[in-house]
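Below: the structure, in structure tokens.
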Amino acid sequence: MPSPDEIKQRRKLNSAFLAGERILGIKFRHNSQVAFIGTDGIRCEGWIVGVGPVEPEPVYTIERCDGGGDEEVLESKLELIVDPHEHLTA
């Protein structure tokens with residue numbers, strides 16, 4: 001069972017992730033649009049809605065845009081399409 005300090009740290013990291021902050025060891029941010037090859041071998045797109053565990057490689061929960069439900073995808077299998085937290089300049 002995690003200690004109170006570990007629980008506090010997890011909550012802090014979760015809040016930072018949901019706010020779109022950059023977190024050491026996590027390449028992609030919450031709500032980023034990504035592409036990946038689904039379990040059916042077809043390219044899929046979706047949005048990052050969660051991450052964890054992060055060791056040995058982060059596993060992201062992706063909400064598929066085709067209505068196929070959520071899918072767990074390794075960081076190395078994701079391609080960034082849009083990071084909504086990046087400021088675009090004209």
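Structural remarks
- In the range 6-25, residue surrounded by the fewest Cβ atoms within 10 Å (Cβ to Cβ) [restricted to those that are charged (D, E, K, R) and in contact with a Lys or Arg (Cβ under 9 Å, 6 or more places away or on another chain)]: Arg22
- Note on the range 1-59: residues that are within 18 Å of Glu71 (Cβ to Cβ), among the charged types (D, E, K, R) and outside any loop (DSSP other than H, G, I, E, B) total 2.
- Applying the condition of being at pLDDT below 95, small (Gly, Ala, Ser) and open to solvent by less than 40 Å² (accessible area, probe 1.4 Å) to the range 26-82 and asking which residue is nearest to the chain's Cα centre (by Cα) yields Gly50.
- Test: residue in the range 32-45 that is free of Cβ contacts under 8 Å to residues at least 24 places away in the same chain and under 24 Å from His87 (Cβ atoms): no
The values are calculated or read from the model by the stated rules, or taken from the named source; none is laboratory data. It should be emphasised that the depicted structure is a prediction, and the values quoted were computed from it without experimental measurement. So basically every Cβ, Gly included, is an ideal-geometry build from the backbone, and we count neighbours across all protein chains shown. These accessible areas exclude ligands, DNA and RNA; they are computed on the full protein's heavy atoms, side chains included. Shrake-Rupley method; radii C 1.70, N 1.55, O 1.52, S 1.80 Å.
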